[in-house]
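Step one of this worksheet: look at the structure below.
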Amino acid sequence: MHFLDLNDFDAKTLKGIVDTARRMKQARAGQPKGLHEKDEPLKGKALALIFERPSTRTRVSFEMAMKQLGGEVIVLSAHDMQLGRGETIPDTARVLSRYVDGIMLRASTHNHLTELAQHATVPVINGLTDLSHPCQVMADVLTLEERKGPLARQHVSWVGDGNNVAASWIHAVGVMGGKLTLGCPEPLNPTPEVMAWAKTVGADVSLTASPETAVKDSDCVITDCWVSMHDKDGESRHNLLKPYQVNRSLMSHAKGDAIFMHCLPAHRNEEVTDEVMDGPQSVVFDEAENRLHIQKSILLHCLGGK
Ligand code: CP
Ligand code: NVA
């Protein structure tokens, strides 16, 4: 079973994945980080991690997740593969499917992911594309629910670029419920496709150009970098996004006990000030830790346990 985008799933499945991650995290509390799960549910299974773009969290959390579940990983940079010399994605998919039990891809373009999934005979997991980042948002939901309770009762605010992570947040709220307000400069709104999908499923998702309106009465304020890995127009993005910096003044429009999230890496004092990032409302490092716990649950969902 592939894990490509959150809008491929129903609420029961996504909530189940978050619940399993929460239970596995609780069960491991206090154990040494490298220790395997007692019954090694993925023993004998191997996962290939392919990176067409750099990564710290996705790489390390997937690698540790597989190891803790008793499985193996092979980490591949697309530049070092024949893929980088023109071997096709369908052929790469067919070949890797003969060796490993699952493939995680961080793709330079979403088409590579869908092509890989179409031709692989093993599960394919989306480790970020230009259009979405579902594993990240599942970790975000786990983090939010740890602090605030069920997503369906939260007002979540996204401030800044309506990018790949924002798109997966729209999918998450569309499937699992909750209220999402995005404050983006109009040229950087989420794609018309993802907004149309939100409308079709009756999701409580709204757009404003005002960052203050977006965070008003919010339980959780989220932002991301102004220039994503696939973006080229850095200077115009900086100019457009400057008014969307998450600082103390913007946070004061949210609820007093609102939390702050960022998928990281952060560009400190651009999209978020040190004061907010290192302040009492920030849960960014819990969010990074939760990538590990959610990855394990996603792997069990896709590769199955013994
Ligand atoms: N948040 C995230 O995906 O981080 P990496 O780019 O380091 O994997
Ligand atoms: N939006 C960012 C997320 C990085 C994890 C990017 O695509 O570069």
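Straightening the chain between M81 and D204 buys 40.0 nm, computed as 0.36 nm per residue apart minus the Cα-Cα spacing. The charge dipole of the chain, taken about the Cα centre with unit charges on the Cβ atoms of Lys, Arg (+1) and Asp, Glu (-1), comes to about 920 debye, rounded to the nearest 20.
How much mean residue ellipticity at 222 nm does the chain get from its helices, if each DSSP H run of length 4 or more adds -39500 (n - 2.57) and you divide by all residues, to the nearest 500 deg cm²/dmol? Helices in the chain give a 222 nm mean residue ellipticity of -12500 deg cm²/dmol. Largest GNM mean-square fluctuation among A65, A152, A288, using the chain with Cα springs under 10 Å: A152. The angle between the Cα long axis of helix 284-303 and the main principal axis of the chain comes to about 40°, on a 0 to 90 degree scale. Amide H contacts for L207 (H built 1.01 Å from N in the peptide plane; partners 5 or more residues away or on another chain; cut-off under 5 Å): L182. Using the Cβ of T56 as centre and a radius below 12 Å, the other residues enclosed give a net charge of +4, where K and R count +1 and D and E count -1.
Within the same chain, lysines fewer than 8 places from K38 are excluded, and of the rest, those with a Cα less than 21 Å from its Cα are K25, K67, K296, K306.
For the range 206-306, the share of alpha carbon pairs falling in successive 10 Å distance bins from zero is 14, 39, 30, 14, 4, 0 percent.
Which entries in K15/K148; K148/K216; K15/K232; K15/K179; K15/K199 show an alpha-carbon gap greater than 26 Å? Violating the 26 Å Cα-Cα cut-off are K15/K232. Here the gap between E275 and V60, fully extended at 0.36 nm per residue and compared with their Cα-Cα distance, gives a gain of 74.7 nm.
Just to verify a number: FRET efficiency for K43 and N111, C-beta to C-beta distance, R0 = 35 Å, to 0.05? Here the calculated transfer efficiency is 0.55. Positive end of the dipole of the range 164-287 (Cβ unit charges, origin at the Cα centre): among L207, G279, A166, the Cα lying farthest that way belongs to L207.
Relative contact order for the range 1-71: 39 percent, from Cα pairs under 8 Å spaced at least 6 residues apart, divided by residue count.
Here the calculated FRET efficiency for Q26 and H238, from their Cβ-Cβ distance with R0 = 41 Å, stands at 0.50, rounded to the nearest 0.05. Using the Kirkwood radius over Cα pairs, work out the Stokes-Einstein diffusion coefficient for the range 59-141 at 25 °C and 0.890 mPa s, in µm²/s as a whole number. Rounded to a whole number, D works out at 182 µm²/s. Taking one quarter of the surface of the C-alpha convex hull of the chain gives a mean projected area of 15.1 nm². Of the candidates G102, G202, G127, which one comes out as most mobile in a Gaussian network treatment of the chain with C-alpha springs shorter than 10 Å? Checking each option, the largest mean-square fluctuation is seen for G202. Rounded, prolate or oblate: which one fits the range 262-306, using the alpha carbon gyration tensor with axes a ≥ b ≥ c (rounded when a/c is under 1.5, else prolate when a/b beats b/c, else oblate)? Prolate.
Among D101, D217, D257, the residue with the largest mean-square fluctuation in a Gaussian network model of the chain, with springs joining Cα atoms closer than 10 Å, is D257.
What fraction of the Cα pairs in the range 175-247, stated in percent, has a spacing above 20 angstrom? More than 20 Å apart: 36 percent of the Cα pairs in the range 175-247.
Taking amide H as placed 1.01 Å from N in the peptide plane, the amide H of A46 sits under 5 Å from that of E72, D101, G102, each at least 5 places away or on another chain.
For the range 86-117, the residues whose amide N sits under 13 Å from a probe point set 7 Å from the Cα of I74 along the beta carbon direction are 92-104. Dipole magnitude for the range 118-223: about 240 debye, using +1 per Lys or Arg Cβ and -1 per Asp or Glu Cβ, origin at the Cα centre.
No value in this document is a laboratory result; all are computed from the given coordinates. What you are looking at is a predicted structure, and each value in this text was computed from that prediction instead of being measured. Please note: Cβ atoms are built from the backbone with ideal geometry, for glycine as well, and neighbour counts cover all protein chains shown.
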